[in-house]
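The structure appears below as structure tokens.
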Amino acid sequence: MRVSGVGPPRAVLRAAMEALAERKVALLRRSPIIDSGPLGPALRRYANAAMLVETTREPPAMLALIAEVEHAFARRRSGQRWRARTLDIDIVLWSGGLWLSRDLTIPHPRFRERAFVLGPARSVAPEWIDPLTGASLRQLDARLTRPRPLPR
């Protein structure tokens, strides 16, 4: 599979979701796509969404499949963090709870700090429990996005 990673971020994201579905990853739920700014020095705007999927693949095999899809969409790993990229797919949570290896940590280490991850994830699995905090995605999103009083 070779596709173009060039195009508006929302179109690339929709096509990548379809590419995963074509590779025997059952799409159970998909969040609305939201736009966000970059983390770090990249100038590109990004499109973000969450998918709840079902697969027989263990996390390392799923990560390998994700890397294939990213590569097909012209994703090149440069070794530098937060560089502009056409597509970035992460495994944020897994039904098995925790996974830790040299190449993969589940839950994603920073998902609790990122509204562009928590909002879409909450929309597909609001009652999913974070195995490290015991909080649901709904609770984590509320904690992150609740209004806070201004300092006095």
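The values are calculated or read from the model by the stated rules, or taken from the named source; none is laboratory data. Since the structure is predicted, the reported quantities are computational estimates derived from the model, not experimental observations. Using ideal geometry, Cβ is built from the backbone for each residue, glycine included, and neighbour counts are taken over all protein chains shown.
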- Selection from region 90-104 of residues surrounded by 14 or more Cβ atoms within 10 Å (Cβ to Cβ) and touching a strand residue (DSSP E or B) at 6+ places or on another chain (Cβ under 9 Å) yields I91, V92, L93, W94, W99
- Task: Hey, can you tell me all the residues within region 14-24 that are closer than 14 Å to A67 by Cα, among the hydrophobic types (A, V, I, L, M, F, W, C) and touching a residue at least 40 places away in the same chain (Cβ under 8 Å)?
- Result: A16, A19, L20
- Contact list, first residue from region 49-67 and within 21 Å of A15 (Cα to Cα), second anywhere and in a loop (DSSP other than H, G, I, E, B) and of a type in the set (G, A, S), beta-carbon distance below 9 Å, six or more apart or interchain, is A49/S31; A50/S31; A50/A125; M51/S31; L52/S31; L52/A125; E54/S95
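Taking only region 117-152 into account, find how many residues are outside any helix (DSSP H, G or I) and surrounded by 12 or more Cβ atoms within 10 Å (Cβ to Cβ).
Summing the residues that are outside any helix (DSSP H, G or I) and surrounded by 12 or more Cβ atoms within 10 Å (Cβ to Cβ) in region 117-152 gives 9.
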- Item | Selected residue (only one of R122, R152 is closer than 20 Å to E54 by Cβ and basic (K, R)) | R122
- Query: So is A15 out of contact with any Pro (no Cβ under 6 Å at 6 or more places or on another chain) and not charged (D, E, K, R) or not?
  - Reply: yes
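So which of L28, L93, L52, L63 is assigned to a loop (DSSP other than H, G, I, E, B) and either at pLDDT 85 or above or within 16 Å of the chain's Cα centre (by Cα) (or both)?
Details: L28 fails: assigned to a loop (DSSP other than H, G, I, E, B); L52 fails: assigned to a loop (DSSP other than H, G, I, E, B); L63 fails: assigned to a loop (DSSP other than H, G, I, E, B).
Only one candidate qualifies: L93.
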- Item | Residue ID - farthest from P32 (Cα to Cα), chosen from residues in region 108-131 that are without any contact (Cβ under 8 Å) to a residue 12 or more places away in the chain and not basic (K, R) | P109
- Task: Kindly list the number of the only condition in (1) surrounded by 17 or more Cβ atoms within 10 Å (Cβ to Cβ); (2) modelled with pLDDT of 90 or more; (3) not in a loop (DSSP other than H, G, I, E, B) that fails for E68.
- Result: (1)
